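Working notes for the structure below.
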Amino acid sequence: MPAYNGLPRRVSDHEPRSRSHETSHGGKSDEELYDVLYGHAADYTADAVEIAKQEFNARHLDAPALANLATGVEQKAALDEAPLGWPLRVVAFFTSTMFFFIPLMLAHRHYVECGARRKARDWARWAWLGFAFYVLAGISIRVLSEISN
């Protein structure tokens, strides 16, 4: 591979963009390709979606396989958009601030890795609301103690 200013050139400098995408989609599972096409197409460039569509069509999947893929993508979407339950909201509200936001970081990482992005956002929201509560409670106590003296 020729060097440019001491650095190896990227594949996309020599080849069209779609060819560099082709190699990345070849190793994807059927479910991942289906997700690119029908689950999160807005997250990808038009070239990537087109290459994924070509690769997906080249695999000639039958109807039962397509139904299974659709079910899997729907389940992932449901998990991704599932809200955080009330007991965990209360835990996030009170504990995240008390323990220096460590539960916030751990919970956020856990939910993102599991594919539950809404739960991660909800945990962060409730942790920050808990922080605001403690700040306002502290200010209120300080003001009330100044008034009473």
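Numbers for the structure displayed
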{"quantity": "Filtered trypsin sites (Lys or Arg not before Pro), the stretch 57-108: DSSP coil and at most 13 other beta carbons within 10 Å", "calculated": "59"}
{"quantity": "Residue 61/residue 102 FRET efficiency (R0 41 Å; Cβ-Cβ; nearest 0.05)", "calculated": "0.35"}
{"quantity": "Within-14-Å neighbourhood charge of residue 129 [Cβ basis; K, R +1; D, E -1]", "calculated": "+2"}
{"quantity": "Simple spin-label estimate for residue 118 and residue 43 in nanometres, 7 Å along Cα-Cβ", "calculated": "1.5 nm"}
{"quantity": "Cα-based reach from residue 119 at 17 Å (exclusive), listing lysines while leaving out same-chain residues under 8 positions away", "calculated": "76"}
{"quantity": "Sequence-separation-based contact order of the stretch 42-149, relative, with Cα cut under 8 Å and 6+ spacing, percent", "calculated": "26 percent"}
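Every number in this text was worked out from the coordinates using simple rules, so none of it is lab data. The structure displayed is predicted, hence computed values, not measured ones. For neighbour counting, all protein chains shown are included, and Cβ atoms are generated from backbone atoms with ideal geometry for every residue, glycine included.
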